[in-house]
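Chemist: Got a structure here, written out as structure tokens. Questions coming.
What follows is calculated from the coordinates using simple rules that are stated; it is not laboratory data. As the structure is a computational prediction, the values presented were derived from the model and not from experiment. Every residue, glycine as well, gets a Cβ built from its backbone with ideal geometry; the counts of neighbours run over all protein chains shown.
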Amino acid sequence: MATQIPPANRFDSRTPRAATSQSGTGQTSKGAKSKSGKRGIQQSRAFCTKRCLLGLVNGGALDRDCANVNEHGTDVHRINKSTFLALMGAQLSQTLDSDFQPCERPGSRGVPFRATLASHGYTVIAKCTPADFVTHLWHEAAVYDRLQPIQGYCVPIHLGNLDLQLPYYYEGIAKLTHVMFLGYGGTPIYQHWHRLDQQGVLRQAEKCMNAIHGRDVLHRDVMPRNILWDRDRSEVMIIDFERAEMRRARPVLGQLSINRKRKSASDSPDAKRIGSISKLCAQEMEQLKEEMSCLGRTEVCTRQT
Ligand SMILES: [Zn+2]
């Protein structure tokens, strides 16, 4: 039977909070002394901006608006994405007591943490999961790879996956062994819905879903919990691609056989397949509209949990 992630109290990911010391071999109480000698109470850092992480991934200039920029370099990033992942793996193999705290309500297959690369200040989301769900996170990583051109705009920036050498015992029940690093995308949109320009936000969400479909990806779990709102940038982000389906890329017209060309366009297998995909995309778009209208009908949509 698969490990179940226990529910936890919801809290805003930006709110500094107390962290529980975690040695990797079991839970200790809040305020207990960790291996590093620090007490368990820690202040949370601000997350890196999307522009900052795009610079890290693409080798661009620093984003002066990132709260952690002074630790990233002078003019350009001192490290790149692969070095970030290697250094983060080395850091987490030493201690989980600092710069690594749960920061959001758990999902069905993962717990979001706030992780800081202590040597360079990068602060990102670390989605952690038990061994039972590792394959789901590798699948999600492959989907993010397909969505690379729209990372940072409609979906979070993916910084890589790794296995934890020291497991994290979440709430004393779930043994978390694998982590996926992502840029911060915001908080669930249902927390903000009554304060937003709802039609404008719906148009943004449709645009994002169109961009995802444009990369031949069906999300397959379009629920309000998977639609985030970044209130600093007033932007929608779509997350959680564990169940997503990657469709085959469209064929190049020049590769069609002579016989296929003789058939009418609507009868060809490729035309039927593309028609089928278009129908699925349209259905998913309708589901998105329905879920978001559900937010407008009730204070909190009952289907979000
Ligand atoms: Zn940064």
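Chemist: To make sure I understand, if each residue's beta carbon is the centre and we count other beta carbons within 10 Å, what order do TRP229, TRP193, TRP138 fall in, fewest to most? Write out the running numbers ahead of the final one.
Modeler: Working: TRP229 23, TRP193 19, TRP138 12.
So the ranking, lowest neighbour count to highest, is TRP138, TRP193, TRP229.
Chemist: Quick check on packing: order 158-165, 69-76, 198-205 by the mean number of other C-beta atoms within 10 Å, highest mean leading.
Modeler: Values: 158-165: 18.5, 69-76: 13.6, 198-205: 15.8.
The packing order, highest mean first, is 158-165, 198-205, 69-76.
Chemist: Hey, another quick one. So what's the net charge close to ARG233: Lys and Arg +1, Asp and Glu -1, counting the other residues with Cβ under 11 Å from its Cβ?
Modeler: On the way: positive: LYS50, ARG51, ARG231; negative: ASP65, ASP230, ASP232, GLU235.
For residues surrounding ARG233, the net value is -1.
Chemist: Here's something else I'd like to know. Between ASP197 and ARG248, how high is the FRET efficiency from 1/(1 + (r/R0)^6) when r is the Cβ-Cβ distance and R₀ = 51 Å? Nearest 0.05. Could you put the intermediate results ahead of the total?
Modeler: Details: r = 37 Å, r/R0 = 0.73.
The pair ASP197/ARG248 has a calculated efficiency of 0.85.
Chemist: Computed FRET efficiency, Cβ-Cβ of VAL134 and ASN58, R0 30 Å: what is it to the nearest 0.05? Numbers along the way, then the final one.
Modeler: Details: r = 28 Å, r/R0 = 0.93.
It comes out at approximately 0.60.
Chemist: Within 10 Å of each candidate Cβ there may be at most 16 other Cβ atoms; applying that plus a DSSP loop requirement, which GluC sites (Glu not before Pro) in the range 138-213 survive? Kindly include the intermediate steps, with their values, before the conclusion.
Modeler: Working: sites: GLU140, GLU171, GLU206; in loops: GLU171.
Loop-located and lightly packed - GLU171.
Chemist: Would you tally the net charge around VAL76, using a Cβ to Cβ cut-off of less than 13 Å, leaving VAL76 out, and scoring K and R as +1, D and E as -1? Numbers along the way, then the final one.
Modeler: Values: positive: ARG64, ARG78; negative: ASP63, ASP75.
Net of charged neighbours comes to 0.
Chemist: Going by the alpha-carbon gyration tensor, a ≥ b ≥ c the square roots of its eigenvalues, is the range 72-164 rounded (a/c under 1.5) or, if a/c is not under 1.5, prolate (a/b greater than b/c) versus oblate?
Modeler: In terms of gyration-tensor shape, oblate.
Chemist: Is there a pair in LYS127/LYS272; LYS127/LYS207; LYS81/LYS207; LYS175/LYS279; LYS127/LYS289 whose C-alpha atoms are over 31 Å apart, and which pairs would that be? Display every interim value, and only then the final one.
Modeler: On the way: LYS127/LYS272 38 Å; LYS127/LYS207 25 Å; LYS81/LYS207 28 Å; LYS175/LYS279 40 Å; LYS127/LYS289 27 Å.
From LYS127/LYS272; LYS127/LYS207; LYS81/LYS207; LYS175/LYS279; LYS127/LYS289, over 31 Å: LYS127/LYS272; LYS175/LYS279.
Chemist: By its C-alpha gyration tensor, with a ≥ b ≥ c as the square roots of the eigenvalues, how is the range 122-174 shaped: rounded for a/c under 1.5, else prolate for a/b larger than b/c, else oblate? Intermediate values should be presented prior to the final figure.
Modeler: On the way: a/c = 2.64, a/b = 1.83, b/c = 1.44.
Verdict is prolate for the range 122-174.
Chemist: Rank the residues MET292, MET223 as a footprinting-exposure proxy: fewest other Cβ atoms within 10 Å of their Cβ go first.
Modeler: Numbers: MET292 21, MET223 18.
The most exposed by this proxy come first: MET223, MET292.
Chemist: Arrange VAL222, VAL57 by Cβ neighbour counts within 10 Å, fewest through most, would you?
Modeler: In order of increasing Cβ crowding within 10 Å: VAL57, VAL222.
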